[in-house]
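All remarks here apply to the structure that follows.
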Amino acid sequence: MKLSVIILAAGQGKRMRSDLPKVLQPLAGRPLLGHVLDTAEALGATDVHVVYGHGGEQVQGAFRDREVDWALQAEQLGTGHAVQQALPGVPDDHTVLILCGDVPLVRAELLKSVVSAGEQTLAVLTAELPDPTGYGRILRDGTGRVNGIVEERDATDDQRAVREINSGLMACPASLLGGWLGRVGADNTQGEYYLTDIVGLAVTDGRPVNAICAPVADEVLGINDRRQLAHAESLFRARVANALLDDGVTLVDPARIDVRGELICGHDVVIDINTLFIGAVELGDGVVIGPNAVIRDSVLGAGTRVLPHCLIEEATVGTDCEIGPYARLRPATVLAERAKIGNFVEIKKSEIGPGSKVNHLTYVGDATVGAAVNVGAGTITCNYDGANKHRTVIGDGAFIGSGVELVAPVEVGAGATIGAGSTISKSAPSDQLTLERSKQVTIKNWKRPVKE
Ligand code: UD1
Ligand code: CA
């Protein structure tokens, strides 16, 4: 049976109190709708339809590169009305799975069972919640068969006491869905066309309704407000942390790591507390990440150690390097094996050769640094003349004394030594000492002024 997925994403999400449409609110750094689209993709759907409306252009713009059919719901008249907007694009012989843009944690595995249960009749995904507040409640007859869903606002006290809730996710044959939706009215407290009313209609038609109860209720968490979003974030964090632990990564505290993207780890990686990984990050075997690191879109070679408080972005780091504490690697930094970048050092768009050390209080930008170079404390590559950037090239084995300014474009030859405190604006030859320093004087009989 072929599958069509309809994702409801037209609502404003008033309870978020935000200018950003709800389905664009980030969960683990990605819009809620992005998570749902990934899940739809994982199900192998033939076609995916997104019903959009509120913040339409913004929502479409955020997913320009995705292959989806957009269905406009100009006025948000309810979830049933929303599904109707997408239905003309769904072939009659498909099974339809309805997902919500604000239910992001549900897994494809669970949805597969909903889809199979919805191939002949209506299937709804439910969950038992200790606190069902805010959700529609599943109603069952005396024999336990599902015979309706009632929204909380329309429910009696007895109905509100029911703890089995509607996840909002359903599946059924496309051929039945259109007929049911055409019969849904808006006679309820909100005056909306509720998708949930098709349950009662299916029962009226003598079709049994299959309820699939989620074994882990967290998966069906709907996000309507910031509290629920924060809760989903912590659930997502736990999910990622558990997967890393299962893969053999040491997390000093699984509650204090955030992964907003994909983190790939080798063997025996150790990740300390309060660490944030963004985008695509790869850590080689035996990498140790110290506390309070933020690492985005970078690759760190085996045996590399990141000491506390480092920011690393779009960097390629070789094996057995040491970075930090308090170091910043900016985009296009490439460290060869055994490089050492120490405290309060910033590196940008530069290659640092094997075994080279830039240990203290230094800025290296637009530079090529050879192997076994020592860059002294407080050295600065003056790469910017106010209009253009220029390169600094430092040869193998060079020794740059402390407090040196290298005014680019400039080249320091292999094995050269640059005296401390020099401002080097002409290239320095290999294997020689170059320095630029005014003569030191001592003023005889000089007296310190005293206060009058
Ligand atoms: C809905 C269900 C409720 C269920 C809950 C689970 C209905 C009537 N209620 O309630 O039974 O327990 O989800 O999370 O279905 N949307 C549109 N167009 C609209 C209205 C909504 O696209 O006109 C979209 C929203 O953007 C959202 C989804 O549908 O992604 C659900 O809408 P929402 O208003 O959040 O419904 P709930 O009150 O949460
Ligand atoms: Ca909702």
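The values are calculated or read from the model by the stated rules, or taken from the named source; none is laboratory data. Note that the structure is a prediction, hence the values are computed from the model and not measured. Methodologically, a virtual Cβ is constructed for each residue, glycine included, from the backbone with ideal geometry; neighbour enumeration extends over all protein chains shown. We work out accessible area using only protein heavy atoms, side chains counted, and drop any ligands, DNA or RNA first. Shrake-Rupley method; radii C 1.70, N 1.55, O 1.52, S 1.80 Å.
Ligands, DNA and RNA are left out, and with a 1.4 angstrom probe the accessible area of the stretch 226-434 is 43 Å² per residue. Using only Cα coordinates, the Kirkwood hydrodynamic radius of the stretch 1-140 works out to 15.6 Å.
With θ taken as phi - 60° and the Karplus curve 6.51 cos²θ - 1.76 cosθ + 1.60 applied, the whole-hertz 3J(HN,Hα) list for the stretch 35-47 is 4, 5, 4, 4, 5, 4, 5, 4, 7, x, 5, 5, 9 Hz, x standing for glycine and proline.
Residues whose amide H falls under 5 Å from that of H49, counting only those 5 or more places apart or on a different chain, are V5, I6, I7, D69, with hydrogens built in the peptide plane.
Estimated from helical segments only, the mean residue ellipticity of the chain at 222 nm is -5000 deg cm²/dmol, where each DSSP H run of four or more residues counts as -39500 (n - 2.57). Karplus-based coupling profile of the stretch 225-238, in residue order and whole Hz: 9, 5, 5, 5, 5, 5, 5, 4, 4, 5, 5, 5, 4, 5, with θ = phi - 60° in 6.51 cos²θ - 1.76 cosθ + 1.60 and x standing for Gly or Pro. Per residue, the average separation of C-alpha pairs within less than 8 Å and at least 6 apart gives the stretch 226-434 a relative contact order of 9 percent. How large, in percent, is the carbon and sulfur part of the accessible surface of the chain at a probe radius of 1.4 Å? Carbon with sulfur: 49 percent of the solvent-accessible area. Sequence-ordered 3J(HN,Hα) estimates for the stretch 122-127 from the Karplus curve with 6.51, -1.76 and 1.60 and θ = phi - 60° stand at 7, 10, 10, 8, 10, 7 Hz, glycine and proline given as x.
Other residues whose C-beta falls under 13 angstrom from the C-beta of D285 contribute a net charge of -3, scoring Lys and Arg +1 and Asp and Glu -1.
Grouping the Cα pair distances of the stretch 81-232 into 10 Å bins from zero gives a pair-distance distribution of 11, 42, 38, 9, 0 percent in increasing distance order.
Entry comment: accessible area of the stretch 142-214 is 47 Å² per residue, from protein heavy atoms only and a probe of 1.4 Å. Does the stretch 284-436 come out rounded, prolate or oblate, given a ≥ b ≥ c as the square roots of the eigenvalues of its C-alpha gyration tensor, rounded meaning a/c under 1.5 and, failing that, prolate meaning a/b above b/c? Prolate shape, in that a/c is at least 1.5 and a/b is the bigger ratio.
Put the Cα centre of the stretch 115-190 next to the Cα centre of the stretch 387-440 and the gap is 74 Å. For Q228 and A414, a Förster radius of 51 Å and the Cβ-Cβ distance give a FRET efficiency of 0.25, rounded to the nearest 0.05. Among the listed pairs K348/K426; K14/K112; K357/K426; K357/K389; K340/K439, a Cα-Cα separation exceeding 25 Å is found for K14/K112; K340/K439.
Beyond 17 Å, what share of the Cα-Cα pairs of the stretch 154-204 remains, rounded to the nearest whole percent? I get 46 percent for the Cα pairs in the stretch 154-204 exceeding 17 Å. Given the C-alpha centroids of the stretch 70-85 and the stretch 221-262, what is the distance between them in whole angstrom? Taking the Cα centre of the stretch 221-262 as reference, the centre of the stretch 70-85 is 32 Å away.
Is the shape of the stretch 200-242 best called rounded, prolate or oblate, per the rule: a/c under 1.5 gives rounded, else a/b larger than b/c gives prolate, else oblate, with a ≥ b ≥ c the square roots of the Cα gyration tensor eigenvalues? Taking the square roots of the gyration eigenvalues as a ≥ b ≥ c, the stretch 200-242 is oblate.
Near G365, the amide H atoms lying under 5 Å from its own belong to K348, T381; only residues 5 or more places off or on other chains count, and H is placed 1.01 Å from N.
The alpha carbons of the chain stretch over 106, 57, 41 Å along the principal axes, in descending order.
What FRET efficiency comes out for the pair Q60/H267, r = Cβ-Cβ distance, R0 = 30 Å, nearest 0.05? After rounding to 0.05, the efficiency reads 0.10.
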